[in-house]
């Protein structure tokens, strides 16, 4: 915001102060969407309960405080990422074979290694509209990248398109093409 330059206010505007126009308070108005009664209770039946990523699950180790716990639920899978390790479960809570894995394993053999530091601050999201998984993790302290992986199918254990964004470089804003 500090680099945004205010547009000129017209001839002689530099010498005139901006004045606020006083207004009378508005009368209270009826809001037709305000809920006046509580709705029916939801999720009154206990769901599936299972141990997630934590001590005792695979090679997970408690390394960091506070724990960065993140989880996303798709139609057939649950992806949970805690600090440096992530796991994929089926909807019944069964851990899929080969999990948990280090978060940086998603970016194995990608680029120059900027995403292989496994620095934590994970994000796991399921995009219902695209039926894809979006995973992200920081890369610190020497690289300062934000690493992204977007699944190429609805399977969170399958292949991913991987990206890295260097946060130390200023973003470039391109002018949109002329649409005349």
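Only the coordinates and a few stated rules stand behind these numbers; no lab work does. All values derive from a computational prediction rather than experimental measurement. Neighbour counts run over all protein chains shown; Cβ positions are idealised from the backbone, glycine included.
Computed values, structure above
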read-out	value
P(r) of the range 64-170 over all Cα-Cα pairs, binned every 5 Å from zero, in whole percent	2, 14, 23, 25, 19, 11, 4, 1, 0
Packing-based exposure ordering (other Cβ within 10 Å, fewest first) of 115, 64	64, 115
Residue exposure sequence - 71, 37 - by fewest surrounding Cβ within 10 Å	37, 71
Per-residue Cβ neighbour rank within 10 angstrom, fewest leading, 108, 119, 164, 92	92, 108, 164, 119
Relative contact order %, the range 64-170, counting alpha carbon pairs below 8 Å whose residues are six or more apart	19
